[in-house]
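Inspection log for the structure reproduced underneath, given as structure tokens.
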Amino acid sequence: MPQKIKNEGKLANSSSAAHIQKQKKKKKTITTPKLEANLFNQIIISNGEDATQKFNQIFKGKSIVETSNDNTDQMDVDRATAIHFQEEILMDILSKLPVRSLLRFKCVSVFWGTLISEPYFKMKHLNRAKNDQDSQKLLIFWIMTATHFCCGTPPQENQ
Amino acid sequence: MASTTETKQKKMLILKSADNDEFEIEESVGVQSETIKNLVEDGFTFVPLPNVYTKALIKIIDYLKKHANKTDSNDEEIKTFDKDFVNTTFDDLFELVSAANYLHISCLMNMLCQTIADRIKDKSPEAVRKIFHINCDYTPEEEAKIRKANAQAFEGQFDESLD
């Protein structure tokens, strides 16, 4: 089975760091009755219960397409060790994107579209832009220029 | 009286990854993670990390060690290290960002999110779907509607590569 070979390769590889105290567990097999259930096709490592609940919340009642439980295929290990992407992490990433990219990525999936349109996300995006160092510099520059023009006194350079 | 000449022994922590590998690190290195710091403050020296796999943990420990020794003089060195650190595949970055989020290492989290954002910002929605392993669940009509509403954002050429 290709998956198993991959798994061994991975374990061997990860154990190569000298400072690991080896404590290899017997190879675990991961079965995935529910994994493909989630709509974004991202990977859930945890037992599914929590995650499914979370997704249910996210979709507020929208039904989640579940694959039948007789799907006992082993998961590709690369995918199994991939991510359990939480809404919060995705938001962190998206909040660092320029607006133009965000508008374009609205059509990536329903979830992305909903997330990007959420008022909370917009606020987060705005806050980040405000805290961004370059913008801040610009802001300070703008304030200083304004002060200069309004009061007619140049900003003091030395104390 | 107990000997006070004994050199201060560094407090050590043991981190255990999701695949049951154990790593011994100095406490001062580990506490850069809020999650670990909270556990240390509660007196724990053994920290199981059921959400962090060995591969990611090795990289994160490297990062923490490097950043624990941050001084003015090795600023450049750390910058080079960071640049090298994020120069990896998207899947690796996702695994790292997930781990950094769980461990609450805000500077690392910030760096990883920024890297991912920078790398996807010029890509097409199709490329982003492939990178994030997402199936489009819009109907073609819905998608067309969104594209129309944001037509301006779809002008021009986009990067279709997946790296």
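The values are calculated or read from the model by the stated rules, or taken from the named source; none is laboratory data. Note that the structure is a prediction, hence the values are computed from the model and not measured. Heads up, the Cβs are rebuilt from the backbone with ideal geometry, glycines too, and the neighbour counts pull from every protein chain shown.
Per-residue answers, yes or no, for (1) touching a Phe, Trp or Tyr at 6+ places or on another chain (Cβ under 6 Å); (2) at pLDDT 95 or above:
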residue: B:D21; (1), (2): no, yes
residue: B:E24; (1), (2): no, yes
residue: B:E34; (1), (2): no, yes
residue: B:T45; (1), (2): no, no
residue: B:N51; (1), (2): yes, no
residue: B:I58; (1), (2): no, yes
residue: B:D62; (1), (2): no, yes
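Any residue that is out of contact with any Pro (no Cβ under 7 Å at 6 or more places or on another chain) and over 27 Å from A:S95 (Cα atoms) - is there at least one of those in the stretch B:77-97? Looking for residues that are out of contact with any Pro (no Cβ under 7 Å at 6 or more places or on another chain) and over 27 Å from A:S95 (Cα atoms), one finds at least one in the stretch B:77-97, hence yes. When residues in the stretch B:10-58 are screened for being without any contact (Cβ under 8 Å) to a residue 40 or more places away in the chain, touching a Ser or Thr at 6+ places or on another chain (Cβ under 9 Å) and part of a loop (DSSP other than H, G, I, E, B), 7 of them pass. Of everything listed in (1) at the interface with chain A (Cβ under 8 Å from one of its Cβ atoms); (2) modelled with pLDDT of 95 or more, the single unmet condition for B:K121 is (2). For the stretch B:59-73, the candidate set comprises residues that are free of Cβ contacts under 8 Å to residues at least 24 places away in the same chain and either among the β-branched types (V, I, T) or within 12 Å of chain A (Cβ to nearest Cβ) (or both); within that set, the residue that is surrounded by the fewest Cβ atoms within 10 Å (Cβ to Cβ) is B:T71.
Scanning the stretch B:151-160 for residues that are surrounded by fewer than 12 Cβ atoms within 10 Å (Cβ to Cβ) and either of a type in the set (D, E) or touching a residue at least 12 places away in the same chain (Cβ under 8 Å) (or both) yields B:E155, B:E160. Whether any residue in the stretch B:128-150 is more than 8 Å from every other protein chain (Cβ to nearest Cβ), within 24 Å of the chain's Cα centre (by Cα) and either crowded, with 18+ Cβ neighbours inside 10 Å or modelled with pLDDT of 95 or more (or both) is what I want to check. Yes; the residues of the stretch B:128-150 include at least one that is more than 8 Å from every other protein chain (Cβ to nearest Cβ), within 24 Å of the chain's Cα centre (by Cα) and either crowded, with 18+ Cβ neighbours inside 10 Å or modelled with pLDDT of 95 or more (or both). Checking each residue in the stretch A:89-125 for being in a loop (DSSP other than H, G, I, E, B), facing chain B (nearest Cβ under 9 Å) and without any contact (Cβ under 8 Å) to a residue 40 or more places away in the chain picks out A:S95, A:K96, A:L97, A:P98, A:K106, A:C107, A:V108. Of B:I105, B:I78, B:I120, all but one fail to be surrounded by fewer than 18 Cβ atoms within 10 Å (Cβ to Cβ) and out of contact with any Cys (no Cβ under 6 Å at 6 or more places or on another chain); the exception is B:I78. Look at (1) touching a Ser or Thr at 6+ places or on another chain (Cβ under 8 Å); (2) at pLDDT 95 or above; (3) outside any helix (DSSP H, G or I) and you find that B:N87 fails only one, number (1).
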